[in-house]
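In what follows, a structure is listed as structure tokens, so that the remarks can point back to it.
The values are calculated or read from the model by the stated rules, or taken from the named source; none is laboratory data. Just so it is clear, the structure is predicted and the values come from calculations on it, not from any experiment. For neighbour counting, all protein chains shown are included, and Cβ atoms are generated from backbone atoms with ideal geometry for every residue, glycine included.
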Amino acid sequence: MQGLRIGIGYDSHRFTEGRKLILGGIEIPFSKGLLGHSDGDCLSHAIIDSLLGAAGMPNIGQLFPDTDSQWKDAKSTELLKYVVNELNKKGFRLLWIDSVIIAEEPRLNPYIPAMKKALSEAGIPEEIINIKPKTNEGMGFTGRKEGIAVIATSLVQPQKE
Ligand code: MG
């Protein structure tokens, strides 16, 4: 039976001074950026892990190990493009991606259309991506403005098994 498969992805990165804030493949004006081996784009990373989960593949850390200098300062949308391509090769059709960005600051709503456009350049059509920023009401590490967390889900359809 050719059913649907769902995957979940989670990622978080710590704020740090002196780096650009990259989320969903775009630069967002802010005083701090996200620390990471790559560009720290936790939206792209969570989407990648949700896609890998739906495809039953290993997680992002196994696919792109931070010990591998090949991925140092990698653009995360390039990693996403690689993963979308892998899923396409395995015969999975992408149906829907939903995501929640948990960030006390900055306010991200104005940047959602540009994020969708940048993600579409990695091979995910804009009309199947949903991005919902929210705060954590001042609670926990995101509430203390120490970093950003993202939860993403992907729905895919296997075309062959
Ligand atoms: Mg990450």
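Descriptive notes on the structure:
- THR77 falls short of the stated requirement of being among the β-branched types (Val, Ile, Thr), touching an Asp or Glu at 6+ places or on another chain (Cβ under 6 Å) and either surrounded by fewer than 18 Cβ atoms within 10 Å (Cβ to Cβ) or at pLDDT 95 or above (or both).
- Matching residues in the range 33-46 - criterion: being within 11 Å of the ligand (Cβ to nearest atom) and surrounded by 20 or more Cβ atoms within 10 Å (Cβ to Cβ): LEU34, GLY36, SER38, ASP39, GLY40, ASP41, CYS42, LEU43, SER44, HIS45, ALA46
- Subset of the range 8-32 (residues that are of a type in the set (S, T, N, Q) and loosely packed, with under 13 Cβ neighbours inside 10 Å): SER31
- Screening LYS20 on (1) more than 14 Å from LEU119 (Cβ to Cβ); (2) within 12 Å of the ligand (Cβ to nearest atom) shows it passes everything except condition (2).
- Residue ID - nearest to the ligand (Cβ to nearest atom), chosen from residues in the range 47-62 that are under 19 Å from ILE22 (Cβ atoms) and at pLDDT below 95: ILE60
- Residue in the range 116-131 that is out of contact with any Leu (no Cβ under 6 Å at 6 or more places or on another chain), within 16 Å of the ligand (Cβ to nearest atom), among the charged types (D, E, K, R) and more than 22 Å from GLY147 (Cα to Cα) present: no
- Contact map, the range 27-40: residues that are more than 19 Å from ALA114 (Cβ to Cβ) paired with residues that are part of a loop (DSSP other than H, G, I, E, B), Cβ distance under 6 Å, separation 6+ or inter-chain. Pairs shown: LYS32/GLU17; HIS37/ASP66; SER38/ALA74.
- Screening GLU104 on (1) in contact with a helix residue (DSSP H, G or I) (Cβ under 8 Å, 6 or more places away or on another chain); (2) within 16 Å of the ligand (Cβ to nearest atom); (3) assigned to a loop (DSSP other than H, G, I, E, B) shows it passes everything except condition (2).
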